[in-house]
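Below: the structure, in structure tokens.
None of the figures in this text is laboratory data; all of them are computed from the coordinates on show. Bear in mind the structure is a predicted one, so any value in this text is a computation, not a measurement. Here the Cβ positions follow ideal geometry from the backbone for every residue, glycine too, while neighbour counts run over all protein chains shown.
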Amino acid sequence: MEIAQGLGAIPRSGRPLYLALGMFDGVHRGHQAVLARTREAAVAAGGRDLVLTFDPHPQRVIAPPPEPILLTTIEERLELFAARPMDGAVVVRFDDALRQTPAGQWLEMLAEVVVPGGVVVSSTYAFGRDRGGTVDLLRAGGERFGFGVTVVPPVHVAGTLVSSTLIRRLVRAGQVEEARIFLGRPYAVRGRVVEGERRGRTLGFPTANLVVHPDKILPGRGIYAAWARLEGRTAPAAVSVGTRPTFGPGELLVEAFLLDFEGDLYGAEIELVFGNRLRDEQAFRTVPELIRQMEADVAQVRAVLAREGVSGPD
């Protein structure tokens, strides 16, 4: 899949270009509908299809929130785009200069690359300074400059609108099963394994401590059944997202105990694909009580992941 860094870097050709516009954080079911429609338009016209995304997330520039905001890092987004039958992606750097770009100027920039061709957007798409550009303005710009505009209606699942905002709320609450419904796949977190206090090893459950992208949303504190993917292998895992309250207050950690796995994981990159939330994080009065609960957690992980098979979710 070709990746262009900015609109000006898109390779020119004589074929029509169809561009999916948006942020696409999460690449959820609603986003997937936009990408599918973009592909259909390109194939019908014998053209190319690209998806445009921003890095960093515009909210980081406009009104930075105190908490992580990303469902997908830019690397994860590009991998998800590449897994679809699309020709490529365009990564546009979102900075203060782009934030101040008037909607009319954004239309001119688009016209330079999508004529002949067109753009595909969701019905909630907005663009330009202060999000002043509406779908109606985009349609008017298409008529003026000579590019097509396709607006994809909202996607609902069981009567609920699919949105990144909803999925962020679900993930932060630890509701990974519900988030999976709207994403169209399990929520995943990846990070590099670093050396910790080795406390898990002394308890009989050696864990991999992951350093995750600082702007990546973590599931709410608790214990989860997950799949760990590394180096082409998949293993069931019991995952803790929390502060290990039994041993006193500490920093928020992501720790994974890989079942039936042997080997040195330090320095390895692991992707944790979340299946089910098992229970809340809790403090135990004694270490033996904690060990008994961890044994029960591992047994539950085996049970809840058994139906997915050892290779994990598709």
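Key figures for this structure:
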read-out	value
Centre separation in Å (Cα based) which lies between the stretch 224-253 and the stretch 151-170	28 Å
In nm, spacing of pseudo-spin labels at Val43 and Asp130 (7 Å Cα→C-beta vector)	4.3 nm
Relative contact order computed over the stretch 2-154 (Cα-Cα under 8 Å; 6+ residues apart), in percent	30 percent
Residue among Ile217, Ile291, Ile167 with the largest mean-square fluctuation in a Gaussian network model of the chain, springs linking Cα atoms under 10 Å	Ile291
Cβ charges +1 (Lys, Arg) and -1 (Asp, Glu), total dipole of the stretch 2-154, debye	320 debye
Residue-span extension gain [Glu231 to Asp215] - 0.36 nm each, minus C-alpha spacing	3.3 nm
Prolate/oblate/rounded call for the stretch 121-193, Cα gyration tensor, a/c under 1.5 rounded	prolate
Residue among Phe261, Phe205, Phe274 with the largest mean-square fluctuation in a Gaussian network model of the chain, springs linking Cα atoms under 10 Å	Phe261
Within the chain, helix-based [θ] at 222 nm, where runs of 4 or more DSSP H residues each add -39,500 (n - 2.57), nearest 500	-9500 deg cm²/dmol
Under the Karplus curve 6.51 cos²θ - 1.76 cosθ + 1.60, θ = phi - 60°, whole-Hz ³J(HN,Hα) for the stretch 164-169, x wherever Gly or Pro sits	5, 4, 4, 5, 4, 4
Burial ordering of Ser123, Ser240, Ser163, fewest other beta-carbon atoms within 10 Å first	Ser123, Ser163, Ser240
Rounded to 10°, Cα long-axis angle of helix 103-114 versus longest principal axis of the chain	90 degrees
Ratio Rg/Rh [Cα only; Rh per Kirkwood] for the chain	1.04
Folded to 0 to 90 degrees: helix 29-45 orientation relative to the chain principal axis, Cα	40 degrees
Size of charge dipole - the chain - debye, nearest 20, with Cβ of Lys, Arg +1 and Asp, Glu -1, no other charges	500 debye
For peptides 227-237, 64-74, sequence by mean Cβ density within 10 Å, most packed first	227-237, 64-74
Semi-axes of the equivalent ellipsoid for the stretch 2-154, Cα gyration tensor, largest first, Å	22, 19, 14
Fully extended contour minus Cα-Cα distance, from Ile181 to Leu98, at 0.36 nm per residue	26.5 nm
Antiparallel DSSP beta bridges within the stretch 2-154, percent to nearest 5	5 percent
Computed lengthening from Glu67 to Arg192, 0.36 nm per intervening residue step minus Cα-Cα distance	42.9 nm
